[in-house]
Each structure stands twice: as C-alpha cells, then as structure tokens.
1. Can you tell me which residue within the stretch 85-95, out of those that are over 17 Å from the mean Cα position of the chain (by Cα) and away from the ligand (no atom under 12 Å from the Cβ), is surrounded by the fewest Cβ atoms within 10 Å (Cβ to Cβ)?
2. Could you tell me whether the stretch 139-152 includes any residue that is more than 26 Å from Thr52 (Cα to Cα) and over 17 Å from the mean Cα position of the chain (by Cα)?
3. Could you tell me whether any residue of the stretch 106-123 is part of a loop (DSSP other than H, G, I, E, B) and within 12 Å of the ligand (Cβ to nearest atom)?
4. Can you pull out every residue in the stretch 124-160 that is touching a residue at least 12 places away in the same chain (Cβ under 8 Å), more than 15 Å from the ligand (Cβ to nearest atom) and assigned to a loop (DSSP other than H, G, I, E, B)?
5. If Ala75 passes every condition in (1) farther than 19 Å from Val36 by Cα; (2) within 16 Å of the ligand (Cβ to nearest atom); (3) part of a strand (DSSP E or B) but one, which one does it miss?
6. Thr99 fails exactly one of the following numbered conditions: (1) more than 14 Å from the ligand (Cβ to nearest atom); (2) touching a residue at least 24 places away in the same chain (Cβ under 8 Å); (3) within 28 Å of Arg171 (Cα to Cα). What is the number of that condition?
7. I need every pair where a residue in the stretch 59-82 that is under 19 Å from Phe49 (Cβ atoms) has its Cβ under 7 Å from the Cβ of a residue that is of a type in the set (Asp, Glu) and within 11 Å of the ligand (Cβ to nearest atom), sequence separation at least 6 or different chains.
8. Need the failing condition index for Pro17 against (1) under 28 Å from Ser132 (Cα atoms); (2) more than 14 Å from the ligand (Cβ to nearest atom), just the number.
Amino acid sequence: MSAAASSVQRITAALPPDAVPEIVLDADFDDERLWVPRGNDVWSMPLMFSVTQGSWVNITRARGEGVISRHRHSAPVTGYTLDGAWGYLEHEWTARKGTFIFEPPGETHTLMVRPEAGHMTVLFHNFGPLISVDEDGNTTGFVDVFTRIEVCRSHYEQVGLGADYVDRLIR
Ligand SMILES: [Fe+2]
C-alpha cells in the first residue's frame, strides 16, 4: 500500500461520530428518469435535500424557450453554469458555461434560456424557498425543500425508481 493511500484511510477514520452520512452520487445525465419535469422544457435533477437547513441542491436543465416564471428568493441562491446560456428578464447579463452567480435574498426574477444557445444546464444551490409572484409582486405560491421532495417522490414513483429513491438525497 502506498503512503498516499494510507493517509486517505486515516482521514476517513477521523470523521466525527456524530456526523451524518455523506452523499456520494454519480448523477447520470443520460438517465432521463432522474430528470424531474418542472414545467415546459424545464427539468431538475436533485442532488441533495437539506431538511434541517431548508435548502436543496439541483441541476436545472432547460431547452428551447424554457422559462421558470417570476419568483422571489427569501434566502441566497448560488448557480454555476455547466452548459448553454441563460439569464433573467430582469437583468441584462447572460450566464454562459463557467459563469458563477450569487443571488442575494430579495432577488426577484424570471429565468429564461437565451435564444443564442437554446439550452442551459446549471448547478443551483437554493438556500431557502422560492416565492412565486405575479407582475406586481403579489405572492401566488411557493416552492421549498419539502414541496420539492414531494414532487420528486411522485416522479420517481411514476418512472419506476420508487418513491424512496429520494431518501438517499436527504440530510
Ligand atoms: Fe430563482
């Protein structure tokens, strides 16, 4: 055994006894069952749900004119663009492959794929709920970690993976 391998073993053994199990996930982009529909031409592949922090991590994929309707975030969001081009109707910038976004609490926007690319794939970390709003900013609904879990349970049941497929993602 090499010196490097034995040092890895020592680090693993040092995990505190009260730590929750890690998540190690090979998210297969090509397995369509893992993509949970989220409206027209938009899908979400969940990677982690934190029911103690109220947050979740997912890869959002959109094609064509994929749009996520206007909503407000009451907690931060980070996003890292894996592919394509996208932005918000409320902002002039365009995110492309490699673009990192930090969205502060209070940010309100309408997500759309930029037509120059026609698709986007983005790793998002939502630190809290999305509040759906209309043009005047009136609340019309919400999405939080618990509603996402329920939607994903239902989808994974439908596609034959089983509702409990989601359990491996919950911490
Ligand atoms: Fe958003």
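Read-outs: derived from the displayed coordinates by stated rules, not from any lab. A quick note: this is a predicted structure, and the numbers were derived from the prediction, not measured. Neighbour counts are summed over all protein chains in view; Cβ atoms, including those assigned to glycine, are modelled from backbone coordinates with ideal geometry.
1. The selected residue is Glu92.
2. Start the filter on the stretch 139-152 by keeping residues that are more than 26 Å from Thr52 (Cα to Cα), which leaves none.
No, the conditions are met nowhere in the stretch 139-152.
3. yes
4. Correct list: Asp134, Glu135, Val159, Gly160.
5. Unmet condition: (3).
6. (2)
7. Correct list of pairs: His73/Glu103; His73/Glu107; Pro76/Glu103; Val77/Glu103.
8. Failed condition: (1).
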